[in-house]
Each structure stands twice: as C-alpha cells, then as structure tokens.
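Participant: Here it is, the structure in full.
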C-alpha cells in the first residue's frame, strides 16, 4: 500500500504492517543525497562498504521516497554514496509513495537502521529527536520508541535526545568514549567552542569522568574569578606549554595541569601549603615521621605520624621528637610566624 | 519587592492581627486549611524562592517563639537567642542563607501574639540576662510595612530589666520606633556592607548612607545601636571600601551609642552555591578562596579572614577604641590573631556581650549572676 508497485513484502511500522514493493531501478542522478532529514547513521566512511558491494553486490537495497521529480533518501545514505563511488548509474531501491507522511518515513528509517545493527548513542538520539517532532503525545512516542527498539524511559529519552544537538566534536567524543553521555550533557551548558575545546583536552589527556569534572569546575571558577573565558584560559601560554610538551607523558601532563589549575584557583592556600612543606623539610624528620597540618589549615589539630618496627626505633624517635619540640622550626609552623 | 498574594490559615482568620494586616495589603487573599497548600503554591512556581518573597502567609507558630540560635560547637558562639516571629524576607541578598534554609522559603508571619507574649513573660521571669533577636530567620524590620510588631515587642521589652531585644535590619523602616517607650531595652542594629556589595549583592535593601542615617536617628531617640559587618566579602579593592564604611559609620554615629560591632566574613552551605549560581549568575562572591570549615560551611581560607579582620579591627579601634568588637562563629586563633585575646580570658563571648548589654541597655546586673 505504501510502496509503489506490487505489494508482496511487508515491514512493521507504527500502527501496523505496510506493504513493501519489489525493487525498482533508480538512476543515482535522481537521488537527492543532500537532503538528510531522515539520516540516522553517524558513519560517513564508505570504503569498507564499497569493498563489500564490489564483492557481493548490494544485498540490502536503500529505501527512497518519491518527491516531485527526485528521490529523498529514507535509509541507505552510505550505500548510495558507495554505489556512486563505484560509478554505478542506477541502483535497486524500494520506493515509498510520495503520499507517505514524514512520520511514517522516519519510522521506516529507524526500523531499517535498527534491524541491521545496534544504533550508537548519537543515532539513538537522532531517532528519538526525529520521533519527537511528530508525536506530541508522550505515551504514543514512548510506545513507538519501544516498538522500534529505542529506549522507552521518558527521563532517559529526554537526556539522550539532547545529544544530537551537541556540536559534532562533542558527539564524536561520546562515540569514542572520550567523554560519557553525562559529561556530554554537562558540556552543553557551555558555549559550543568551549565544549569542543574541553573534549579536545580530555581526548588529549585521556582522563576519567571525575577528573574531567574537577578540571571543568576549576577552569570555570578561574574564568569567573578572573573575568575571562575557559577558551582563553586553555589558550594561555602556561597551559599550552604543558599540553604541548612532548617530554611529558599523558599521566604527568594530567597531574601538572591539575596542580596548575588548583594553584591558580586557590593561590593563598597553595602558597601556605608550600611554606608549610618548606618548614617541615627544614625539620629533617626523615622518612618514618610525617607532620601533617589541619585540613586546609582551618582547625587547630596537627597530626604527627610515626612508623617504627621495634622498640629501638621508637626510642630513637623519642630522641628525635625532643629535638623537634625544641626546634624553632616547629614553633614557626605552629605559631605561623 | 511587593507582596502579590496573601494566604491566611483558617485557624487564625479571625485574629485581630490578621484583619489589621489584611486591611493594609491590597492583594488577593486565600484562606487555607493547612500550610501544605501554601507550600505547594510556592513550589509550583518557576522560581519558588522569588515566589516565596512575594507571597505572605499569615499563620500561627505552633512551636516555640523563644529559640536558641543554631550555632555550632566548632566555633565560638555568642549564645544568642531567637524570637521566632516569622520567616524569610522580601529583600533579595545573593548570599542569603534563608534561600536554602526553608523548604520552601515563604514569607510567613505568626499572628498568635498572645502566645508570643506569654512565652516572653516566662523568659523575663527567669531574671537572667538574655540577648534576643528577631533578625535570624527574617529581617527584623520588614514587617513594619504591614504590622505593629515593633510596637508590640519594644513595649514588652521596655517593661522588664533582664533581657535585651536586638532588631537587626537592612531597611530604614524605623519611623514607628520614634514614639515607643523603649527604656533602652531594644538595640536597633544594622547589617553593614560596602556600597559595591549593597548595590550588587543586596537587592532591594537600603543604601549604606540611608542605613547610617536611620541609625543616627534611632540614636537620637535614645536607642542603643549595634552594627554587623557580616558577611564581609573579599574582592579586589574591598579593604579600601570597608575602611570607607567604617569611616562613614563613625562620621554619622557616636561610638558611645554602640553596644557592639560584630565581624564575619562570607560563609555558606554548599547547597546554597547552586542556588546562587542559578538565581544570580552574574554574582562572583562564591568564587573566592573558600575551604570547607569545621562546621561544613564554606569559609574563606583562614589567613585571608585574619588579614581582613585585623585591618577592620584596627580601623574601628582607631575611631572607636572602646566599642566591643566580636566575631560571629570564629575560633580562638582568629580571635587571638585579630583582636589579641580570646573570649575565655574575659569569661567567654556570651559573658562579654551580656556585660556590655547590662552597661549600655541598663539591664539589671543581677541577671549576670543567675546565668
């Protein structure tokens, strides 16, 4: 019914089965590849597909819809591109009647893609977004999503459907697992160029979600404190030098960047910590004794940690402790003067 | 900010205070059976905090009117007492803790004044020195627009000699105080900040000069005064600005009229940070060098606090050497480093403030012994 010509094949779409026609041969020149309204796939590379078509032929023909004098692609964007690459003049395709509504076309596009392979997150996002433009009723949309093999949890859908609106590099970051979906959504709160710059940074440093969040928080707050932008910060000489230093491995760069950002966000705290460490060093405590300040120097309690193996070491510690107590260095540390 | 809706709990709809307030407000009125209905109305708004500032709920206080101030053990507390007359505020300070303290925040005014006065009589009967304030869960003076609260309280406190009332405000709503027989048992107090902070972060409050002018008027009517530099905010140029505030204060107000001055730097619960970011995206005050304090609140890194306190103390002492300066919720190290002593050397902070109240407000010193 929906396809032109015979009706001896059926696929299930929306409310029921729609008949599928036998194949028609369509000139590639009549297919509009620019119209990507119904595009689900994120993949653009075609060489593998070209090789497969060359060896086995076009096993699964694309679905097209007649639109005035040309054809709009419902599914099979890459297959058509591969056939063009191979220099084909015509291509076998299933043709939907021009009377078929766009929402049914979208369901064909999603169904055709999901039947062939599992969709990635961006593709699921596109599918859900495309569905949302036609189903104003949430329950109908959920039902349709469920039938098409898409997530049918409303709060999850609301999150996922935002992904396809993110800048392409952020979508790619999600697909490459450089960032999680949660991080992708967090980045959507920033200007697109900032989100893209951050994904690039995370890709370069290969860091986990918690540290990504820490870096974003530090950069954001430094930018707000210093009345600048995250973008400008990332382009500053100090940060660029760390990132571009070929002698540092990723883990080292990551650590240096985090320390740098902490120091810049909390300059007085860092200065005080450095001074404390310098004074502790002057006490010459050795490896088995550790003097720790109150957390962030707020409370009154210092901690002295002693490692020993036997009584002789403990006695030795007592002598050392007497020396430390008498030293002006400890006095300086405790009185902060 | 103006009130746009008045809710009245049906249990108090026939109270004289209710009629009086209703007659002064020309807004839609809705009588409700229970508070939940008001809270649901507030929570259904796009910005419940904003809605809470425009919605007045008249009800009864079913709990205690006389409460302990919620201080923590980790820092030196002044043992202040709260007179719980209502909640929230129609002014809109960025840092206001009340935004995250009440769920939801709503302008709530308790009209069961007979219960309030009965509780106060019990407090007075103890014949102990208490410092009681109405400005912890709300601003003390915003209610002057629609109620006769100051008349009620100032008169009640004037008739006893052991307890002092502190009315803490950022308004200039003092006109009603003029004719009241206060007997020096009411301290009128202002929260002070720099012009920049008032303009940027204390929306709908009175300007610094207006606050000081109002303070001078109250002093001329014989009221003891207090000032609270709290929260002080560290920003570029803040020292010059705070010094200027100190100079403006003493240019307008005789130091002898001041019972105490408190100092406190900005501190906030982490839950407030998100609210500030959402409601005031242009504010920068939460991006200072804050660390988690011993009470869990975010505070400026201690050396920064000490540095500003020391300077403030020096500027105040330079112009008013005899005024009592104290810190709100700080530890001995801060006291020692900034003021040169710790409260325990003088019997503790509550004792220091009580003694000061006895001296300035004419309280009966016997009340000190009973504590």
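Participant: List the number of the failed condition for residue B:298; all other conditions in (1) within 21 Å of the chain's Cα centre (by Cα); (2) away from chain A (no Cβ under 12 Å) hold.
Facilitator: (2)
Participant: Of the numbered conditions (1) under 30 Å from residue A:333 (Cβ atoms); (2) modelled with pLDDT of 95 or more; (3) away from every other protein chain (no Cβ under 14 Å), residue B:352 fails exactly one; give the number of that condition.
Facilitator: It fails just one condition, (1).
Participant: Could you tell me whether any residue of segment A:286-294 is on the phi > 0 side of the Ramachandran plot, within 14 Å of chain B (Cβ to nearest Cβ) and assigned to a loop (DSSP other than H, G, I, E, B)?
Facilitator: The answer is no, given that none of the residues of segment A:286-294 is on the phi > 0 side of the Ramachandran plot, within 14 Å of chain B (Cβ to nearest Cβ) and assigned to a loop (DSSP other than H, G, I, E, B).
Participant: Of the residues that make up segment B:265-288, is at least one more than 10 Å from every other protein chain (Cβ to nearest Cβ), under 23 Å from residue B:339 (Cα atoms), buried (at least 17 other Cβ atoms within 10 Å of the Cβ) and in contact with a helix residue (DSSP H, G or I) (Cβ under 7 Å, 6 or more places away or on another chain)?
Facilitator: yes
Participant: Let me ask something else. Given segment B:183-291, what helices (runs of 4 or more DSSP H) lie entirely inside it while holding 3 or more residues that are out of contact with any strand residue (DSSP E or B) (no Cβ under 9 Å at 6 or more places or on another chain) and free of Cβ contacts under 8 Å to residues at least 12 places away in the same chain?
Facilitator: B:270-279
Participant: Further question: Go through segment A:266-279 and give me each residue that's within 8 Å of chain B (Cβ to nearest Cβ) and in contact with a helix residue (DSSP H, G or I) (Cβ under 8 Å, 6 or more places away or on another chain).
Facilitator: A:268, A:269, A:272
Participant: Select from segment B:159-171 the residues that are under 14 Å from the mean Cα position of the chain (by Cα) and in a loop (DSSP other than H, G, I, E, B) and write down the one among them that is surrounded by the most Cβ atoms within 10 Å (Cβ to Cβ).
Facilitator: Result: B:170.
Participant: Name the residues in segment B:62-76 that are out of contact with any helix residue (DSSP H, G or I) (no Cβ under 8 Å at 6 or more places or on another chain) and either in contact (Cβ under 8 Å) with a residue 40 or more places away in the chain or assigned to a loop (DSSP other than H, G, I, E, B) (or both), would you?
Facilitator: B:62, B:63, B:69, B:70, B:71, B:72, B:73, B:74, B:75
Participant: I'd like the full set of residues that are in contact with a strand residue (DSSP E or B) (Cβ under 8 Å, 6 or more places away or on another chain) and in contact (Cβ under 8 Å) with a residue 24 or more places away in the chain, limited to segment A:270-292.
Facilitator: Correct list: A:280, A:283, A:285, A:288, A:289, A:291.
Residue by residue, here is whether (1) modelled with pLDDT under 95; (2) in a loop (DSSP other than H, G, I, E, B); (3) more than 24 Å from residue A:95 (Cα to Cα); (4) under 22 Å from the mean Cα position of the chain (by Cα) holds:
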site: A:115; (1), (2), (3), (4): yes, no, no, no
site: A:125; (1), (2), (3), (4): no, no, yes, yes
site: A:134; (1), (2), (3), (4): yes, yes, no, no
site: A:139; (1), (2), (3), (4): yes, no, yes, no
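Participant: Something else about it: Residue A:95 - would you say it is surrounded by 13 or more Cβ atoms within 10 Å (Cβ to Cβ), in contact with a helix residue (DSSP H, G or I) (Cβ under 8 Å, 6 or more places away or on another chain) and either modelled with pLDDT of 90 or more or not assigned by TED's automatic domain parsing to the domain that holds residue A:183 (or both)?
Facilitator: no
Participant: Scanning for something within 21 Å of residue B:278 (Cα to Cα) and assigned to a helix (DSSP H, G or I), does segment B:53-61 turn up at least one residue?
Facilitator: Yes, that holds for at least one residue.
Participant: Also, quick follow-up: I need the full set of residues from segment A:246-276 which are under 19 Å from residue A:206 (Cα atoms) and loosely packed, with under 12 Cβ neighbours inside 10 Å, in order please.
Facilitator: A:246, A:247, A:249, A:250, A:251
Participant: Consider residue B:309 carefully, then state whether it is more than 8 Å from every other protein chain (Cβ to nearest Cβ), surrounded by 16 or more Cβ atoms within 10 Å (Cβ to Cβ) and either without any contact (Cβ under 8 Å) to a residue 40 or more places away in the chain or not in a helix (DSSP H, G or I) (or both).
Facilitator: The answer is no for residue B:309.
Participant: While we're looking at this one, here's another question. What about residue B:304, is it assigned to a loop (DSSP other than H, G, I, E, B) and at the interface with chain A (Cβ under 9 Å from one of its Cβ atoms)?
Facilitator: In short, no.
Participant: Given the criteria modelled with pLDDT under 95, more than 14 Å from chain B (Cβ to nearest Cβ), out of contact with any strand residue (DSSP E or B) (no Cβ under 6 Å at 6 or more places or on another chain) and more than 24 Å from residue A:118 (Cβ to Cβ), does residue A:205 qualify?
Facilitator: yes
Participant: I would also like to ask the following. Give segment A:46-60 a look and list any residue that's surrounded by fewer than 19 Cβ atoms within 10 Å (Cβ to Cβ), in contact (Cβ under 8 Å) with a residue 24 or more places away in the chain and outside any helix (DSSP H, G or I), or say none.
Facilitator: Within segment A:46-60, A:60 is the sole residue that qualifies.
Participant: Related question: What are the residue pairs meeting all of these: first residue in segment A:299-323, first residue within 14 Å of chain B (Cβ to nearest Cβ) and under 13 Å from residue A:287 (Cα atoms), second residue modelled with pLDDT of 95 or more and surrounded by 13 or more Cβ atoms within 10 Å (Cβ to Cβ), Cβ atoms under 7 Å, and 6 or more apart or on different chains?
Facilitator: none
Participant: Could you check segment B:98-134 and list, in sequence order, the residues that are more than 23 Å from residue B:15 (Cβ to Cβ), assigned to a loop (DSSP other than H, G, I, E, B) and at pLDDT 95 or above?
Facilitator: Selection gives B:126, B:127, B:128, B:129.
Participant: Moving on. Residue under question is residue B:228, and the condition is that it be more than 22 Å from residue B:312 (Cα to Cα) and modelled with pLDDT of 95 or more; does it hold?
Facilitator: no
Participant: Return the residue satisfying two criteria in turn: it lies in segment B:323-339 and is within 14 Å of another protein chain (Cβ to nearest Cβ) and touching a helix residue (DSSP H, G or I) at 6+ places or on another chain (Cβ under 9 Å), and of such residues it is surrounded by the fewest Cβ atoms within 10 Å (Cβ to Cβ).
Facilitator: Per the stated criteria, the residue is B:332.
Participant: With respect to residue B:156, is the statement that it is over 19 Å from the mean Cα position of the chain (by Cα), without any contact (Cβ under 8 Å) to a residue 24 or more places away in the chain and more than 22 Å from residue B:266 (Cβ to Cβ) true?
Facilitator: no
Participant: Exactly one of (1) at pLDDT 95 or above; (2) more than 37 Å from the chain's Cα centre (by Cα); (3) surrounded by fewer than 16 Cβ atoms within 10 Å (Cβ to Cβ); (4) more than 10 Å from chain B (Cβ to nearest Cβ) is unmet by residue A:282. Its number?
Facilitator: (1) is the only condition that residue A:282 fails.
Participant: Go through A:222, A:215, A:230, A:194 for me and flag whichever is out of contact with any strand residue (DSSP E or B) (no Cβ under 6 Å at 6 or more places or on another chain), within 30 Å of residue A:297 (Cβ to Cβ) and away from every other protein chain (no Cβ under 14 Å).
Facilitator: It is A:215.
Participant: Also, I was wondering about something else. In segment A:83-128, how many residues are in contact with a strand residue (DSSP E or B) (Cβ under 8 Å, 6 or more places away or on another chain) and under 30 Å from residue A:171 (Cα atoms)?
Facilitator: Looking only at that region, the number is 9.
The values are calculated or read from the model by the stated rules, or taken from the named source; none is laboratory data. Being a predicted model, the structure only gives us computed values, none of them experimental. Note that we place each Cβ from the backbone using ideal geometry, even for glycine, and neighbour counts take in every protein chain shown.
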